[in-house]
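The structure appears right after this line, and notes come after that.
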Amino acid sequence: MLLAIDTATKMLGLALHDGDTLIAEQMWRTGNKHNMILAPTIEHMLTICDVDKSDLTMIAVANGPGSYAGLRIGVALAKGMAAVKNLPLIGVSTLDIIATGQTFTNTRHQLICVVQAGRKRIIAGVYQVKKGRWEAVETPEITTWTDLLASLEGSYYVAGEVDPAGREAIAMTEDNEELSVSLVEAARRARRTGFLAQEAWRRYHAGEPSDFLPAKLTPVYLNSPG
């Protein structure tokens, strides 16, 4: 049984996955309360799903990029739980989690995955379809909606944490004949912990046990350019 934890932004998510079935999934906006509610909410999920801590065979965690405080809380708890029981710990990028949850009907489109970075900034990464999966084509960066959209040319889907400023900026590109930007529907563009769990299972079985030692995992932080 895999427990997945995501505290990378103001959203908090948990999931239980047994390799075949998504047993439970919770996600909600909690602001800055991660440190108060994460541990008791994990206990509650395990209890109502009739899962004992001894049933857990691996832990997955969103390891960034995201907020410093949020990542620190989630990664620290995940590392502690995994280390105590000597369980594999699989880290998955926040943007990769978003990408894993997206379908594609037109492989000529690229995908932009976004999380909020505070102070009107965003963290954005670009993906394209390779061998039936969304794969990152460049290193994610901290930017703004204005700068991001001004740098693009071609056709894109946008998924992840899109705030009112983002929706407004996307709407303003409608008259740009060199750029087509389609905002994924709200329920599908969300960064869901079930997809974190699913991607972690895939990575675990594609890798080696030594790749997933708890001590090896570190959070990914981005610094503003300049």
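The values are calculated or read from the model by the stated rules, or taken from the named source; none is laboratory data. Every value quoted in this text rests on a predicted model; they were computed, and no experiment measured them. Glycine also receives a Cβ, built like all others from the backbone with ideal geometry; neighbour counts cover every protein chain displayed. Remember, those area values only see protein heavy atoms, side chains included, never the ligands or the DNA or RNA. Shrake-Rupley method; radii C 1.70, N 1.55, O 1.52, S 1.80 Å.
When you scan segment 202-219, do you find a residue that is out of contact with any Ser or Thr (no Cβ under 9 Å at 6 or more places or on another chain), basic (Lys, Arg) and modelled with pLDDT under 95, even just one? Within segment 202-219 (the criterion being out of contact with any Ser or Thr (no Cβ under 9 Å at 6 or more places or on another chain), basic (Lys, Arg) and modelled with pLDDT under 95), the answer is no, since none of the residues qualifies.
It is to be established whether one or more residues within segment 140-151 are at pLDDT 95 or above and within 21 Å of Gln198 (Cα to Cα). Among the residues of segment 140-151, not one is at pLDDT 95 or above and within 21 Å of Gln198 (Cα to Cα), which makes the answer no. Taking the condition buried (at least 17 other Cβ atoms within 10 Å of the Cβ), modelled with pLDDT under 95, more than 15 Å from Ser182 (Cβ to Cβ) and not hydroxyl-bearing (Ser, Thr, Tyr), does Ala117 pass? In short, yes. Counting the residues of segment 4-45 that are crowded, with 16+ Cβ neighbours inside 10 Å and either assigned to a helix (DSSP H, G or I) or in contact with a Cys (Cβ under 8 Å, 6 or more places away or on another chain) (or both) gives 8. Would a scan of segment 70-83 turn up a residue that is open to solvent by less than 10 Å² (accessible area, probe 1.4 Å) and not in a helix (DSSP H, G or I)? Within segment 70-83 (the criterion being open to solvent by less than 10 Å² (accessible area, probe 1.4 Å) and not in a helix (DSSP H, G or I)), the answer is no, since none of the residues qualifies.
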